[in-house]
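Here's the structure we're looking at; comments come further down.
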C-alpha cells in the first residue's frame, strides 16, 4: 500500500474516531511527511517495503541532524502508531519497529513559581480591581494555578462548565477527554467577581472573552502571564504552564498523593506526573542547603 494513502487514512482515524487535537494531528503529519521524504532516497513508496534497517537509518539521520532525544522518541512513536494502524487493518503483517526502542530521555525538571510570587501577582492585579481587564486576569491566573489547567483547557471553557455551588469545573482535556476538577475558594471568588462584571448571555457563552467579545485564545493569555510573572520572578520560563507545574509541585509539597494529582492534571500515565516528585525533592534539598546549620 502506498505510504501517502496510508497516512491519509491514519490521520483520518485520529481525527474522526480518536478525537485527537489539531495540534496532535499536525505533529503526526509532519513526522510522517518527513519519513516519507527520507524513504525517497531508497525509492520506497510502499509501506510493505519498509524494513527495520530503514528505521535504524532514519534514527541515525535524525541524530546527525541534531534532533533532541525527545524529538526522536516522538517521531518513532508516530511511526509505531501508523504501523500498528496498518497491521490492524491488514495492510502489512510485520512491524519493523518491534525491536527498536526509544532513546532514553533525560527529562528536564520544570521551573516553578513560589506561592509567594503567585500571591504577589494577584496582589498587584487586585490593586486596580475595578478594571474589568484585571478581573479577567485574576480569574485566569486563579484558574491556571488553582485548578492546574492547561491553557488550551482554559480557553475552551464555557460558562456552563463552571459549577460555583458544587465548587468544580468541567474540563475538556487532551483527546477531548472530560474531567471534573475542584475549584478553590480564591478561584470561586475571582470567577464570581468576573462574572458579575461581564454577565454571560447564555450557558454556551465562552467563559473568558477578549475585548472584542470573542473567545479568548492561547497567545493573548501567554502575553498576560509573561507580563505578570516578570514583575515578581526571575525564572526563565514565563508561560501559563508554569502555573500548572507550580500547582502540582505545591500539592505534593503539602502532602497530596500522586494519584490524586494525576487525576487533577488529567495525565494519561502516572510516569508523567512523577516528574513533580523530583521537583519536590529538589526543593527540599535547596531548603536544607540554605537553612540547615550543618548543610
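The values are calculated or read from the model by the stated rules, or taken from the named source; none is laboratory data. The structure displayed is predicted, hence computed values, not measured ones. Note that each Cβ is placed from the backbone with ideal geometry, even for glycine, and that neighbours are counted across all protein chains shown.
In segment 258-295, which residue that is part of a helix (DSSP H, G or I) and at pLDDT 85 or above is farthest from residue 170 (Cα to Cα)?
Result: 258.
Identify all residues within segment 1-28 that are assigned to a helix (DSSP H, G or I), without any contact (Cβ under 8 Å) to a residue 24 or more places away in the chain and more than 19 Å from the chain's Cα centre (by Cα); write none if there are none.
5, 8, 11, 12, 16
Among the residues of segment 161-203, write down those that are touching a strand residue (DSSP E or B) at 6+ places or on another chain (Cβ under 7 Å) and at positive phi.
Selection gives 167 alone.
Scan 59, 51, 78 and give me the residue that is closer than 28 Å to residue 176 by Cβ and either modelled with pLDDT of 90 or more or surrounded by 16 or more Cβ atoms within 10 Å (Cβ to Cβ) (or both).
None of the other options fit; the residue is 78.
Check segment 222-235 and report whether any residue there is crowded, with 17+ Cβ neighbours inside 10 Å, touching a strand residue (DSSP E or B) at 6+ places or on another chain (Cβ under 8 Å) and either at pLDDT 95 or above or more than 27 Å from residue 17 (Cβ to Cβ) (or both).
Scanning segment 222-235 turns up no residue that is crowded, with 17+ Cβ neighbours inside 10 Å, touching a strand residue (DSSP E or B) at 6+ places or on another chain (Cβ under 8 Å) and either at pLDDT 95 or above or more than 27 Å from residue 17 (Cβ to Cβ) (or both).
Looking at 240, 206, which one is surrounded by 13 or more Cβ atoms within 10 Å (Cβ to Cβ), assigned by TED's automatic domain parsing to the domain that holds residue 144 and touching a strand residue (DSSP E or B) at 6+ places or on another chain (Cβ under 9 Å)?
It is 206.
Kindly check whether there is at least one residue in segment 98-106 that is part of a helix (DSSP H, G or I), exposed (fewer than 13 other Cβ atoms within 10 Å of the Cβ) and free of Cβ contacts under 8 Å to residues at least 40 places away in the same chain.
Scanning segment 98-106, I find no residue that is part of a helix (DSSP H, G or I), exposed (fewer than 13 other Cβ atoms within 10 Å of the Cβ) and free of Cβ contacts under 8 Å to residues at least 40 places away in the same chain, so the answer is no.
Kindly check whether there is at least one residue in segment 184-202 that is in the same structural domain as residue 136 (by TED's automatic domain parsing), surrounded by fewer than 16 Cβ atoms within 10 Å (Cβ to Cβ), closer than 30 Å to residue 15 by Cβ and over 23 Å from the mean Cα position of the chain (by Cα).
Within segment 184-202, one or more residues are in the same structural domain as residue 136 (by TED's automatic domain parsing), surrounded by fewer than 16 Cβ atoms within 10 Å (Cβ to Cβ), closer than 30 Å to residue 15 by Cβ and over 23 Å from the mean Cα position of the chain (by Cα).
Among the candidates 95, 48, 43, single out the residue that is out of contact with any helix residue (DSSP H, G or I) (no Cβ under 8 Å at 6 or more places or on another chain), in a loop (DSSP other than H, G, I, E, B) and not assigned by TED's automatic domain parsing to the domain that holds residue 176.
Only one candidate passes the filter, namely 43.
Within the group 213, 266, 255, which residue is within 18 Å of the chain's Cα centre (by Cα) and in the same structural domain as residue 157 (by TED's automatic domain parsing)?
266
Quick one: count up the residues across segment 232-250 that are under 18 Å from residue 183 (Cα atoms) and without any contact (Cβ under 8 Å) to a residue 24 or more places away in the chain.
Adding up the residues that qualify gives 0.
Limited to segment 123-150, what total is found for residues that are surrounded by 19 or more Cβ atoms within 10 Å (Cβ to Cβ), assigned to a helix (DSSP H, G or I) and in contact (Cβ under 8 Å) with a residue 60 or more places away in the chain?
Result for segment 123-150: 10.
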